[in-house]
Structure formats: C-alpha cells, structure tokens
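Please find one structure pasted underneath; my questions will follow.
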Amino acid sequence: MSEHANNGADSTTIKTTPDDHLIAWLAALAITIHIIESVLPSPLPGVKPGLANVITIAVFILYGWRTAVWVSMLRVLVGSILIGTFLSPTFMLSFSGAIASLAVLWLASHLPGDGLGPIGLCLIAAMAHMFGQFYTAYLLFIPHDGLFKLLPLLMTAAVIFGIISGMIVRSMLHHLSKRHGQEK
Amino acid sequence: MTRADYCIVLFAALLLPYLYITQWTGNEAGTTASIINGNNTTQVSLAHDHTLEIAGALGTSVIKIEGGKIRFVSAPCLGKQCIHSGWLQHAGEFAACLPNRISIALLGEAPRFDSINF
C-alpha cells in the first residue's frame with residue numbers, strides 16, 4: 001500500500017490513506033495466519049480450520065464489506081506467493097473459496113433487520129467457501145461424480161470450523177470493545 | 001446470536017444430514033458389466049447368475065455374477081488385487097487384473113467417463 005523513498009529526493013512517494021494502512025495491517029495478520037495454517041497437517045485435502053477467515057469476518061463486521069474484500073484477496077494472493085502455490089490448484093481452490101464467501105458476505109450485508117452475528121457470518125462464509133472450492137475442484141481438477149462422496153465430510157468440517165471461528169470472532173470483538181471502553 | 005444466526009445454524013443442521021443421505025446412499029445399481037480383455041470389450045448383463053471363465057494374457061480368470069453383483073473369483077496373477085476388490089454392484093465401480101489384462105467396469109443408466117487427469 002505504501003512505497004517509501006529509498007533513493008533520494010527524485011523518487012516518487014505514493015500517498016496512502018489511513019484506510020490503506022488499516023487494510024495492510026489486517027491483511028498482514030491474515031497472511032500470517034494463512035501461512036502458519038498451511039504448515040498444519042490435514043486429514044483430508046480441503047479440510048483446514050480456516051482461521052484466516054476469522055480476520056476476514058472480524059474486518060467485515062468492524063469495517064464493512066469492501067475492506068473485507070481487500071483483506072481477503074490480499075491474503076489469498078500474497079499468501080500463495082509466499083507459500084509458492086500461486087496459480088496452482090491450491091491457489092485456485094482458496095481463491096474460488098474466498099470469492100464464494102465474499103459473495104455470501106455481500107448478500108449478508110444486505111439482510112434486513114438485525115442481520116447476522118459473528119457465528120452466523122462465519123458459518124455461512126465457511127460453507128460458501130467449501131461449496132466454492134468444491135465446485136472448482138469438480139469443474140477444473142477432478143470431474144468425477146465420485147468426488148461428491150467427499151462433500152458430506154468436507155461440509156461437516158466446514159460447519160464445525162465455521163462455528164468455532166465464529167466463537168473466536170465473537171470473543172475477539174468482545175475483547176476489542178472492552179479495550180476501547182477502557183481507553184475512553 | 002440474532003434470529004438470522006439461528007436460521008443459518010438450522011440450515012447447516014439440515015444440510016448436513018441431507019448431504020449424507022443423498023451422497024452416501026441410494027447409489028445407482030449397475031445393470032451391465034463391461035469386461036475388458038486385452039483389446040476386446042464385451043458387455044454382460046447382471047440380470048442372471050452365472051460364472052464366466054475368461055482366458056487372459058497369463059491364464060484363466062474366473063468371474064462370478066450373482067444377484068446383480070459381479071466379482072473376480074480366481075485369477076492367475078500374483079497380487080490378486082482383482083479378487084480383493086470384492087463384489088461390484090454400483091454403477092461406476094471398477095476392478096482390474098493388470099497382469100492378466102482383464103478388467104470389469106460396471107455401467108449404469110448413463111455411462112460417463114471414469115476420470116480425467118491433466
């Protein structure tokens with residue numbers, strides 16, 4: 001987001017807004033979680049706690065959908081470049097999952113009434129993420145009906161981890177609001 | 001938790017059993033077996049029980065059809081992978097004896113490709 005001068009006065013400086021800095025910090029946080037998580041062993045391909053989405057959802061609740069899109073897309077892009085999976089099937093899956101969950105979040109942001117809380121948001125985003133990456137896997141990589149046998153297991157994992165990350169987001173927001181309360 | 005949250009949780013709670021039921025049961029039963037022997041393919045109906053003896057590259061493989069299911073019973077190969085595949089009954093299932101160059105593929109109503117890799 002920001003580019004600092006490194007060779008004297010004639011170098012250009014891009015003006016950054018506080019929003020850019022916010023996005024950069026949050027994306028850095030999400031990327032860190034994304035990379036740490038990529039090292040964890042997984043019982044089934046596609047099953048991952050998806051803790052980086054905790055950041056996406058928290059950002060969505062605190063700063064809105066647009067910021068969440070930035071943070072999520074930067075996480076997928078930079079995370080994959082750092083791990084070395086950019087444009088590989090892994091990247092395609094996490095990219096399509098991110099797109100699907102952002103699409104669902106966009107719909108959620110237009111709900112009437114109270115809308116969704118952290119747990120509902122995390123759960124629906126996790127399920128959308130799973131559907132998105134599952135259909136990408138089916139269309140692009142394994143166009144075989146046998147793949148659908150995996151869907152119930154994958155979706156169970158998505159629901160469990162979605163609820164867990166929803167609880168994490170809820171307690172995170174709770175702590176944040178308590179800290180803000182003390183500062184004021 | 002808002003009311004919409006409960007709706008989402010309920011939706012997930014209903015979706016999971018639905019997925020397990022639709023994806024893990026009610027497989028289409030195979031109606032025809034396609035037996036590939038070297039370069040020749042023959043289609044066998046699973047409607048009546050009988051035993052087939054097929055001469056392959058190594059020797060004779062015995063294939064048994066019983067109650068709409070089919071399996072390798074004996075084979076001249078070393079590994080016996082084909083026999084360990086057991087009964088095949090759902091469309092799309094497959095057993096092969098590579099040394100004897102004989103394989104069985106079960107076909108259903110709408111035969112599709114087995115898999116594509118690229």
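Hey, among the residues in region B:15-42 that are surrounded by fewer than 11 Cβ atoms within 10 Å (Cβ to Cβ) and under 20 Å from the mean Cα position of the chain (by Cα), which one's nearest to B:ALA95 (Cα to Cα)?
B:ASN40
Look through region A:80-89, keep the residues that are within 14 Å of A:VAL39 (Cβ to Cβ) and surrounded by fewer than 16 Cβ atoms within 10 Å (Cβ to Cβ), and return whichever of them is modelled with the lowest pLDDT.
Residue satisfying both the conditions and the ranking: A:GLY84.
Take region A:143-168 and flag every residue that is surrounded by 15 or more Cβ atoms within 10 Å (Cβ to Cβ), aliphatic (A, V, I, L, M) and within 12 Å of chain B (Cβ to nearest Cβ).
Correct list: A:LEU147, A:LEU150, A:LEU151, A:LEU153, A:LEU154, A:MET155, A:ALA157, A:ALA158, A:VAL159, A:ILE160, A:ILE163.
State the number of residues belonging to region A:38-50 that are touching an Asp or Glu at 6+ places or on another chain (Cβ under 9 Å) and either free of Cβ contacts under 8 Å to residues at least 12 places away in the same chain or part of a helix (DSSP H, G or I) (or both).
Residues that pass the stated criteria total 0.
Report yes if some residue within region B:6-25 is touching a Leu at 6+ places or on another chain (Cβ under 7 Å) and either more than 14 Å from chain A (Cβ to nearest Cβ) or touching a residue at least 60 places away in the same chain (Cβ under 8 Å) (or both); otherwise report no.
No, region B:6-25 has no match at all.
For the condition surrounded by fewer than 18 Cβ atoms within 10 Å (Cβ to Cβ), assigned to a helix (DSSP H, G or I) and within 14 Å of another protein chain (Cβ to nearest Cβ), what is the one hit in A:LEU111, A:LEU77, A:LEU123, A:LEU107?
Residue meeting the stated conditions: A:LEU107.
Any residue that is in contact with a Pro (Cβ under 7 Å, 6 or more places away or on another chain) and closer than 30 Å to A:GLY166 by Cα - is there at least one of those in region B:23-33?
yes
Considering region B:76-103 alone, what residues qualify as being among the aliphatic types (A, V, I, L, M), buried (at least 18 other Cβ atoms within 10 Å of the Cβ) and under 20 Å from B:ALA57 (Cβ atoms)?
B:ALA95, B:ILE102
If you don't mind, another one. Taking the residues in region A:80-93 that are of a type in the set (Gly, Ala, Ser) and assigned to a loop (DSSP other than H, G, I, E, B) as candidates, determine which candidate is farthest from A:ILE142 (Cα to Cα).
Filtering first and then ranking leaves A:GLY84.
Can you name the residue in region A:126-138 that is touching a residue at least 12 places away in the same chain (Cβ under 8 Å) and aromatic (Phe, Trp, Tyr) and is also farthest from the other protein chains (Cβ to nearest Cβ) among such residues?
Result: A:TYR135.
Inside region B:24-52, can you point out the residues that are in a strand (DSSP E or B) and within 30 Å of A:LEU154 (Cα to Cα)?
Listed by number, the list holds a single entry, B:ALA29.
Of all the residues that make up region B:52-65, how many are more than 18 Å from the chain's Cα centre (by Cα) and among the β-branched types (Val, Ile, Thr)?
Residues flagged as more than 18 Å from the chain's Cα centre (by Cα) and among the β-branched types (Val, Ile, Thr) within region B:52-65 amount to 2.
Residue-by-condition table, conditions (1) polar (S, T, N, Q); (2) assigned to a helix (DSSP H, G or I); (3) modelled with pLDDT of 85 or more:
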{"position": "B:ILE54", "(1), (2), (3)": "no, no, yes"}
{"position": "B:LEU58", "(1), (2), (3)": "no, no, yes"}
{"position": "B:LYS64", "(1), (2), (3)": "no, no, yes"}
{"position": "B:VAL73", "(1), (2), (3)": "no, no, yes"}
{"position": "B:GLY79", "(1), (2), (3)": "no, no, yes"}
{"position": "B:GLU109", "(1), (2), (3)": "no, no, no"}
{"position": "B:ARG112", "(1), (2), (3)": "no, no, no"}
{"position": "B:SER115", "(1), (2), (3)": "yes, no, no"}
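Let me ask another. Would you please list the contacts, defined by Cβ atoms under 8 Å and residues six or more apart or on different chains, that run from a residue in region A:25-37 that is surrounded by 15 or more Cβ atoms within 10 Å (Cβ to Cβ) to a residue that is among the basic types (Lys, Arg) and assigned to a helix (DSSP H, G or I)?
Hits for this filter: A:ALA27/A:ARG75; A:ALA30/A:ARG75; A:ILE31/A:ARG75; A:HIS34/A:ARG75.
Take the residues in region A:38-57 that are of a type in the set (A, V, I, L, M) and farther than 13 Å from A:LEU123 by Cα, then tell me which one is surrounded by the fewest Cβ atoms within 10 Å (Cβ to Cβ).
Here the residue is A:VAL39.
The values are calculated or read from the model by the stated rules, or taken from the named source; none is laboratory data. Treat the numbers as computed from the prediction; the structure is a model and nothing was measured. For neighbour counting, all protein chains shown are included, and Cβ atoms are generated from backbone atoms with ideal geometry for every residue, glycine included.
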